[in-house]
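Novice: Got a structure for you, written out below as structure tokens; questions coming shortly.
The values are calculated or read from the model by the stated rules, or taken from the named source; none is laboratory data. Note that this is a predicted model, so its numbers are computed, not measured. Neighbour counts run over all protein chains shown; Cβ positions are idealised from the backbone, glycine included. Heavy atoms of the whole protein, side chains included, go into the accessibility calculation; ligands, DNA and RNA do not. Shrake-Rupley method; radii C 1.70, N 1.55, O 1.52, S 1.80 Å.
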Amino acid sequence: MRKKIVAGNWKMNMTFEEGQILTSEIVNMYKDENIKDVVAILNPPFPHIFPVKKLVGDVSGVKIGAQNCSDKASGAFTGEVSAKILASFGVEYVIIGHSERREYFHEGNELLAVKVKEALAHGLKPIFCCGESLDIRTAGTHEPNVKFQLTESLFDLSPEDFSKVVIAYEPIWAIGTGKTATAEQAQEMHAALRRHIASKYGKDIAAETSILYGGSCNPKNAQEIFSKEDVDGGLIGGASLKSRDFMDIIKSF
Ligand code: PGA
């Protein structure tokens, strides 16, 4: 059975104090509301990682992720953070290839392939983001476009490494816009991606790969989206900054 995952992407939000409050509330609700079969991943900005990790303590279903890592192993790269450093702070996941990184920081498929390998080499599990722009959706070429992103950045991995990757399908036109993909649109793409993975790595690995939906997911629409066969959870931006909303999304399965 593949993992159900709800990952919160805080992006560039939350002061130290706000992050501490948000984390404490989430951890307390996760325990009090007896969540058992959904992994919650908190992906705060870098400086929060260590204090957030301390607050989460031994609550095993709540994990820590970073929002990015360097493609370089170490050295004179001012302002960068390596996968090795993240791993040494107890980080388990790292978001790679978010559309905001692709667009604003010009990260392309080739660079992302290097980042994925770097993350895996240090024991981090990549949450690999893919998704199409509105133009591509309107032109009807979204399926080959998104499959190509996987082929270019992931399909060089060994089957063992690939099985550690979580996929997040995030249509760019749905991110932060309040315009969600319909549950049917999400299911259609998730099923296509799973078939694409099966064509490269076989049915078993494809069946075990968690594929998350992201893009204006909230407590009102999560249940319908998560009810689809190939949707294994969500990557949540805005709604992950409010503990009650984030928990209600976790409880939408
Ligand atoms: P959103 O962001 O939920 O605010 O649309 C999702 C994401 O960018 O991961």
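Novice: Examine the stretch 208-229 for a residue that is within 16 Å of the ligand (Cβ to nearest atom) and among the charged types (D, E, K, R), and state whether such a residue exists. Lay out the reasoning, then the answer.
Specialist: First pass over the stretch 208-229, keeping only residues within 16 Å of the ligand (Cβ to nearest atom): 210-226.
Filter again for among the charged types (D, E, K, R), leaving 220, 224.
Checking the stretch 208-229: at least one residue is within 16 Å of the ligand (Cβ to nearest atom) and among the charged types (D, E, K, R).
Novice: Hey, can you tell me all the residues within the stretch 94-114 that are crowded, with 16+ Cβ neighbours inside 10 Å and within 13 Å of the ligand (Cβ to nearest atom)?
Specialist: Scanning the stretch 94-114 gives Ile95, Ile96, Gly97, His98, Ser99, Glu100, Arg101, Arg102.
Novice: Out of curiosity, is Lys179 away from the ligand (no atom under 13 Å from the Cβ), open to solvent by 50 Å² or more (accessible area, probe 1.4 Å) and closer than 21 Å to Ile236 by Cβ?
Specialist: Details: away from the ligand (no atom under 13 Å from the Cβ): no; open to solvent by 50 Å² or more (accessible area, probe 1.4 Å): yes; closer than 21 Å to Ile236 by Cβ: yes.
Criteria not met by Lys179.
Novice: Do any residues in the stretch 1-18 that are under 18 Å from Lys54 (Cβ atoms) have Cβ atoms under 7 Å from those of residues that are near the ligand (Cβ under 10 Å from one of its atoms) and of a type in the set (S, T, N, Q), where the two are at least six apart or on different chains, and which pairs are they?
Specialist: From residues that are under 18 Å from Lys54 (Cβ atoms), the pairs are Gly8/Asn43; Gly8/Ser240; Trp10/Asn43; Trp10/Ser240.
Novice: Can I ask one more? Thr180 versus (1) β-branched (Val, Ile, Thr); (2) modelled with pLDDT under 95; (3) under 15 Å from the mean Cα position of the chain (by Cα): which is the lone unmet condition?
Specialist: Failing condition for Thr180: (3).
Novice: Where in the stretch 76-193 are there helices (runs of 4 or more DSSP H), lying fully within it, with 1 or more residues that are in contact with a Gly (Cβ under 7 Å, 6 or more places away or on another chain)?
Specialist: So the answer is 83-88, 99-104, 109-121, 142-154.
Novice: Right, next: Which condition does Lys125 not pass, out of (1) open to solvent by 10 Å² or more (accessible area, probe 1.4 Å); (2) closer than 30 Å to Lys31 by Cα; (3) within 16 Å of the ligand (Cβ to nearest atom); (4) touching a residue at least 40 places away in the same chain (Cβ under 8 Å), if it passes all the others?
Specialist: The one condition Lys125 does not meet is (3).
Novice: I need a count of the residues in the stretch 194-228 that are touching a Phe, Trp or Tyr at 6+ places or on another chain (Cβ under 8 Å), open to solvent by 10 Å² or more (accessible area, probe 1.4 Å) and not in a helix (DSSP H, G or I).
Specialist: 0
Novice: Moving on to the next point. Condition test on Gly238, is it under 15 Å from the mean Cα position of the chain (by Cα), open to solvent by 10 Å² or more (accessible area, probe 1.4 Å) and in contact (Cβ under 8 Å) with a residue 60 or more places away in the chain?
Specialist: yes
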